[in-house]
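To keep things clear, I will list the structure first and then write my remarks on it.
The values are calculated or read from the model by the stated rules, or taken from the named source; none is laboratory data. All of these numbers come straight from a predicted model, not from anything done at the bench. Cβ coordinates were reconstructed from backbone atoms using ideal geometry, including for glycine residues, and neighbour counts include every protein chain displayed. Keep in mind that these areas ignore ligands, DNA and RNA; they rest on the heavy atoms of the full protein, side chains included. Shrake-Rupley method; radii C 1.70, N 1.55, O 1.52, S 1.80 Å.
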Amino acid sequence: MKQQLIKAEKLKAVEQMGAAISHEIRNPLTAATGFVQLLQDDYLPRQKRKEYLSIVKEELLSAERVIQDYLTFAKPALETIEEINVKSELRQTINLLQPLANQNSVEIHTDFSIIGFIKGDLQKFRQCFVNILKNAIEAMPNGGYLSVSTEFSQTEVTITVKDTGEGMTSEQLARLGEPFYSTKGKNGTGLGMMVVYSIVKAMDGTIRVQSEVGNGTTILVKFPTISLLNGN
Ligand code: ADP
Ligand code: MG
């Protein structure tokens with residue numbers, strides 16, 4: 001009985017979140033559609049046309065950001081639990097973000113000593129690290145170092161993501177993961193870390209964040225390991 005109640009509550013939370021997310025996507029799309037309608041006027045002055053087009057672009061980018069932070073790897077089917085090769089998945093995620101890193105002159109270093117496996121939903125694992133790495137790169141708009149490393153023990157893996165970016169105050173740190181909390185204004189969704197926390201929890205992991213303004217941020221994510229291969 002109690003179990004069912006918890007399930008019902010969870011479902012409700014998911015529904016509410018889904019409603020909030022579709023709102024976040026629908027709003028900019030509605031705005032964009034409105035301006036496209038205005039753009040259909042043949043007599044619109046050139047200056048207005050330019051202005052409206054840049055609004056349309058901004059609104060579409062805003063919808064795109066929500067999808068990136070929340071739904072990049074989402075699938076309609078229920079989650080599937082599989083063995084995840086931590087090293088190769090992190091490598092692929094880094095490759096995905098290399099263009100963004102290049103744009104910000106961020107140099108990426110990796111140190112993956114051992115090949116090890118954890119259990120979980122692969123899509124969600126990827127989403128989790130896309131969001132963490134994206135934040136790290138975005139915290140270094142004028143360049144810096146991003147290091148990603150793994151350390152395995154028989155029972156757990158620690159994945160460390162360290163940036164030399166702007167860092168966070170203790171107030172910012174305390175609000176990290178709160179839905180829609182962002183310091184990036186129009187360029188942020190405030191959904192990335194909420195998604196990270198919920199995925200890490202679902203995969204029986206833990207997350208620790210250390211940060212210092214001006215010095216950068218280190219995020220340590222731990223997951224239980226299921227097996228290890230020696231060497232590289
Ligand atoms: P968004 O990136 O859309 O702002 P997130 O949930 O991903 O939303 O992050 C929330 C906030 O946490 C960011 O706006 C930023 O202030 C802070 N933050 C997250 N990661 C870092 C980081 N590596 N360095 C500095 N600040 C960060
Ligand atoms: Mg983010």
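Selection of the range 177-191 for residues being near ligand 2 (Cβ under 9 Å from one of its atoms), open to solvent by 10 Å² or more (accessible area, probe 1.4 Å) and in contact with a helix residue (DSSP H, G or I) (Cβ under 6 Å, 6 or more places away or on another chain) yields only THR189.
The residue that is surrounded by the most Cβ atoms within 10 Å (Cβ to Cβ), counting only those in the range 20-34 that are aliphatic (A, V, I, L, M) and in contact (Cβ under 8 Å) with a residue 60 or more places away in the chain, is ILE21. Within the range 182-203, track down each residue that is over 12 Å from ASN131 (Cβ atoms) and modelled with pLDDT under 95. Matches in the range 182-203: GLY185, LYS186, ASN187, LYS201, ALA202, MET203. Please tell me if VAL195 is within 16 Å of ligand 2 (Cβ to nearest atom), touching a residue at least 40 places away in the same chain (Cβ under 8 Å) and touching a strand residue (DSSP E or B) at 6+ places or on another chain (Cβ under 6 Å). It is false that VAL195 is within 16 Å of ligand 2 (Cβ to nearest atom), touching a residue at least 40 places away in the same chain (Cβ under 8 Å) and touching a strand residue (DSSP E or B) at 6+ places or on another chain (Cβ under 6 Å). Residues in the range 208-226 that are among the aliphatic types (A, V, I, L, M) and closer than 13 Å to VAL196 by Cβ: VAL209, ILE219, LEU220, VAL221.
Considered as a group, the residues in the range 154-165 that are in contact with a Leu (Cβ under 9 Å, 6 or more places away or on another chain) and in a loop (DSSP other than H, G, I, E, B) include one that is farthest from ligand 2 (Cβ to nearest atom), and that residue is GLN154.
Selection within the range 136-157: residues that are open to solvent by 10 Å² or more (accessible area, probe 1.4 Å) and closer than 15 Å to THR183 by Cβ. The member of this set that is farthest from ligand 1 (Cβ to nearest atom) is PRO141.
Checked against (1) surrounded by fewer than 17 Cβ atoms within 10 Å (Cβ to Cβ); (2) within 12 Å of ligand 1 (Cβ to nearest atom); (3) outside any helix (DSSP H, G or I), MET168 meets all criteria but (1).
Taking the range 185-202 as the range and being within 11 Å of ligand 1 (Cβ to nearest atom) and of a type in the set (Val, Ile, Thr) as the test, the residues that pass are THR189, VAL195, VAL196.
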